[in-house]
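*Asks:* Can you keep this structure in mind? I'll have questions shortly.
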Amino acid sequence: MFGLFKKFKEGLAKTVAAITAKTHSLFGGRKIDASSLEELEEALITADFGVETTTEILSEIKAAYRKDPLLAGKQAAEIGAAVLTRVLAGSAGTPALCKRPDGTPAVIVMIGVNGSGKTTTTAKLAWALQEEGKSVLVAACDTFRAAAVEQLKAWAERLKLDVVASHTGADAAAVAYDALQAGKSRGKDVVIIDTAGRLHTKTNLMEELAKIRRVLQKIDPAAPHYAWLVVDGSLGSNSIEQARVFHQSFGLTGLVVTKLDGTSRGGAVVGIWRSLKIPIHYVGLGEQKEDLQPFDPEAYSRAVFGLE
Amino acid sequence: MFDSLTEKLSSALRNLRGVGQLSEANMEIALQEVRTALLSADVHFRVTREFIERVKAKAVGQEVLKGVNPGQQIVKIINDELVSLLGEGTNTLSGSRPLKILMVGLHGSGKTTSTAKLGRLLKKKGFAKPFAVACDIYRPAAIDQLEILSKQEDLGFYADRVSRDVPAIGAAGLAAAQTAGADLILFDTAGRLQIDADLIEEVKKLSARVQPDEIILVADGALGQEAVNVAKAFHDALKLTGLILTKLDGDARGGAALSIKSITGVPIKFVGTGEKTADFDVFYPDRLASRILGMGDVVSLVEKAAEVIDQKEAEKLAEKMKKADFTLEDFLAQMQQIKKLGSLGGIMGMMPGMSGMKIDEDAAETGMKRTEAIILSMTYQERRKPAVLNGSRRLRIANGAGVKVVEVNQLLKQFQQMQEMMKMMRGGGGKKMMRQMEQMQRQGKIPGR
């Protein structure tokens, strides 16, 4: 677990570098004044925290400052990190994925908008679970995008994953059904279903997701047991809208935030957590198979404010 | 918190009624709201600040015009500023032949799809032999994806599935395209982080080898504050000539576009608006600005209508409406055409004054489906002459459509009212509307050719 924690920190290193560059003058021991508060606001807004979360953190810092005008900048950063950690309390944790009592594998459906990183995340997650000693099957249910099936198959070959796939244009729900059936008869612990990217505004495509659910429920009325939204960490406030709509129509149980290895700070996820309370299971910190890591709110919060 | 920019602006400007002259003081609250709105729409922090300053400078001291409320006047100023900012620079493509275009961007921004879409669009606009070169050797099956799309759109295609030398692949692709007599050569590259020094170096080398006429950054329309850093780094490394904004069929307000444009000055050239390769269009600054400001996107709606609605069918319908011999069959056809325009919510979003309105889209769509089912449960004779519909026929139809008889009666009543309205409008302004539609279509000519 400590190894993972280290990896999480490493991945966020660039993020930290970017934000400390902005906040360095602020937290270097100088006292807080109007201009340093504005710098702090800029740092938070440009991390995609959104106006509401930013305002909340700022007002806490201001309140502490009013009580003690000599409050040094370093303490403000601690306050900021504490506020953010508190906002994110309860957001972390990964579910224990195991077989149902009747032998049905735990089913995770990966959903999200186009290009958020569902296929890559499916592969990385399957690999991580296999490393934990679980047996996993992945299902290539993105039958819409050209070569999406081949993409998952290539990953499966590279990482030695068991895969159920059909061809582009096939009925996604049928592939999902086959996969769960195969997973059950092969005694798998987990079946991960990769789906096609869809914008949350497309009613007909949301309908396809509902169909996948209906079909899976023929095998297990409780399936899919998990529905994870894959969110691109470099997107802004629209991720919150995405999460809201996917949650409304499909019922999300968790989030995976991808592409946090860039300079993006993925602050919009904080907005998702605040408004929907959907836990953040994993973050994607790179292109390698091991770059999917459990989310750590405290490390994240402290990183955001440039604290070790 | 997450209302659209449109709604935010409307509510901010409502506070500005009954003011004689715009001043810093009376605009302050409104501009504060505008700031929040822009930030919530993902416009970059600094860009927002500059933009507000520009608007303030323009507005302060202006007399409020007669017949206009101060809110409308500010909207006009903001709109003009937005249009000029978004539209600065040329959105035409280089005139070189063959035209070489290098597509770059982050992971998952839509480069491969946009490559195929651009090839298709330019082919329609007169390029005889477009050609795609696959330079993404990293993402599994990326080459397959481009190959399938190229085949589908009838573009020439080159890939090397063995080599790991991207600049050399690009050069070989260029040679292959030239041999094939291509007049348009598109280079699709791998997604890369702007801070990944090795991969940025690689694409710089590729660019040096193939000497593109256009280097286009493909960016997700929902990008957050990071859009600025991404665009700036790519621009510094490669000297971008244009931008493609993707996934605009979602409900992101596209604040990233404003950020990228004002920080780099790189013109926005095209937009991706859907899953199909045909869902791709030239960028119109006024449309994006109007959409942001909630003035609707009538032009897009009209064009979309012109595209999907069968012209002959529409004329036939218009003729029938004029003569008021519009039957339930025609009503059904009309409904089916509306459905082709997309979701009702999408259509409403494009209409002026409607974007703030909340409709229960699902209920409306279900309503349409039920109406369709009712009409489809009628015989042809019944559709043409609803007068024959007695009680037992209505019961049969209700059973067939799975609805209550009351619903059948309601539909017939509505239909009757419609017919009466048409009789009243007989000879009305139908022609004028057609002319306007044609005019707008003519203005929508693609630049770059």
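*Asks:* Other chains' Cβ within 10 Å of A:145-157 residues: what's the mean? Walk me through the numbers before you get to the answer.
*Replies:* Details: counts 7, 14, 12, 3, 2, 7, 6, 2, 2, 5, 2, 1, 1.
Across the residues of A:145-157, the mean count of other-chain Cβ atoms within 10 Å is 5.
*Asks:* From the phi angles alone, apply the Karplus equation (6.51, -1.76, 1.60; θ = phi - 60°) to region B:387-401 and give each ³J(HN,Hα) in whole Hz, x where the residue is Gly or Pro.
*Replies:* 4, 6, 6, 8, x, 5, 5, 4, 5, 4, 5, 4, 5, x, 8
*Asks:* How big is the antiparallel share of DSSP beta bridges in region B:99-292, given as a percent to the nearest 5?
*Replies:* Working: 3 of 29 bridges.
Rounded to the nearest five, the antiparallel share is 10 percent.
*Asks:* What spacing in nm lies between the two simple spin-label points modelled at B:Asp196 and B:Gln337, each 7 Å away from Cα in the Cβ direction?
*Replies:* 4.9 nm
*Asks:* Turning to a different aspect of this structure: In whole Å, how far is the Cα centre of region A:240-308 from that of region B:401-420?
*Replies:* Between the Cα centres of region A:240-308 and region B:401-420 lies a distance of 50 Å.
*Asks:* Note down the Stokes-Einstein diffusion coefficient of chain A in µm²/s, whole number, using a Kirkwood radius over alpha carbon pairs, 25 °C, and 0.890 mPa s. Please list the in-between numbers first.
*Replies:* Working: Rh = 20.2 Å.
Answer, rounded: 121 µm²/s.
*Asks:* Could you tell me how far the Cα centroid of region A:81-102 sits from the Cα centroid of region B:91-141, in Å?
*Replies:* For region B:91-141 versus region A:81-102, the Cα centre distance is 42 Å.
*Asks:* Related question: If you count, for every residue in A:116-122, the Cβ atoms of partner chains within 10 Å of its Cβ, what is the mean?
*Replies:* On the way: counts 3, 3, 1, 4, 4, 0, 0.
For this peptide, the per-residue mean of nearby foreign Cβ atoms is 2.
*Asks:* Now for a separate question. Angle check, please: helix A:50-67 long axis (alpha carbons) against the longest principal axis of chain A (alpha carbons), in degrees 0 to 90, nearest 10.
*Replies:* With rounding to tens, the tilt is 30 degrees.
*Asks:* Now a separate question. Scaled to the compact-protein estimate 2.2 N^0.38 Å, what is the alpha-carbon radius of gyration of region B:86-179, rounded to two decimal places? Working shown, then result.
*Replies:* Details: Rg = 13.7 Å, N = 94, 2.2 N^0.38 = 12.4 Å.
So region B:86-179 has a normalised radius of gyration of 1.10.
*Asks:* Taking square-rooted eigenvalues a ≥ b ≥ c of the alpha carbon gyration tensor, is region B:204-250 rounded, prolate or oblate, where a/c under 1.5 means rounded and, failing that, a/b exceeding b/c means prolate?
*Replies:* oblate
*Asks:* Stretched out fully, how many nm does the piece from A:Ser59 to A:Ile219 gain, at 0.36 nm a residue minus the Cα gap? All intermediate terms of the calculation are to be shown ahead of the outcome.
*Replies:* On the way: separation 160, 0.36 × 160 = 57.60 nm, distance 5.13 nm.
Gain on extension, A:Ser59 to A:Ile219, equals 52.5 nm.
*Asks:* Could I ask something else about it? By how many nm would the segment from B:Glu365 to B:Arg46 grow when fully extended, if each residue of separation counts as 0.36 nm and the alpha-carbon distance is taken off? Don't skip to the end; give the middle numbers.
*Replies:* Numbers: separation 319, 0.36 × 319 = 114.84 nm, distance 4.19 nm.
Gain on stretching B:Glu365 to B:Arg46: 110.6 nm.
*Asks:* Suppose the chain between B:Ala208 and B:Leu65 were pulled fully straight at 0.36 nm per residue; how much longer would it get relative to their current alpha carbon spacing?
*Replies:* Numbers: separation 143, 0.36 × 143 = 51.48 nm, distance 5.53 nm.
Extra length available between B:Ala208 and B:Leu65 comes to 45.9 nm.
*Asks:* Charges only on Cβ, +1 for Lys and Arg, -1 for Asp and Glu: so what's the dipole of region A:106-252 about the Cα centre, in debye to the nearest 20? Walk me through the numbers before you get to the answer.
*Replies:* Values: 17 positive and 15 negative charges, 30 e Å.
Dipole of region A:106-252, to the nearest 20 debye: 140 debye.
*Asks:* Just check region B:37-115 against the gyration tensor rule for me: Cα atoms, a ≥ b ≥ c as the square roots of the eigenvalues, rounded for a/c under 1.5, and otherwise prolate or oblate depending on whether a/b exceeds b/c.
*Replies:* Numbers: a/c = 3.28, a/b = 2.10, b/c = 1.56.
Note, shape of region B:37-115 comes out prolate.
*Asks:* Kindly rank B:84-93, B:261-270 from highest to lowest mean number of other beta carbons found within 10 Å of each residue.
*Replies:* Working: B:84-93: 16.8, B:261-270: 20.5.
Output ranking for B:84-93, B:261-270: B:261-270, B:84-93.
*Asks:* Once you put a point 7 Å from the Cα of A:Cys98 and another 7 Å from the Cα of A:His167, both along the Cβ direction, what distance in nm separates them?
*Replies:* Once both label points are built, they end up 4.2 nm from each other.
*Asks:* Averaged over its residues, how many other protein chain Cβ atoms are within 10 Å of peptide B:96-103's Cβ atoms?
*Replies:* On the way: counts 0, 0, 0, 0, 0, 0, 0, 0.
Partner-chain Cβ atoms within 10 Å, mean over residues of B:96-103: 0.
*Asks:* Could you list, in their original order, any pairs among B:Lys205/B:Lys269; A:Lys153/B:Lys151; B:Lys56/B:Lys276; A:Lys153/A:Lys211 whose Cα atoms are separated by more than 31 Å?
*Replies:* Cα-Cα > 31 Å for B:Lys56/B:Lys276; rest within.
Read-outs: derived from the displayed coordinates by stated rules, not from any lab. From a predicted model like this one, the values you see are computed outputs, not experimental measurements. Ideal geometry is used to build each Cβ from the backbone, glycine not excepted, and the neighbour counts take in all protein chains shown.
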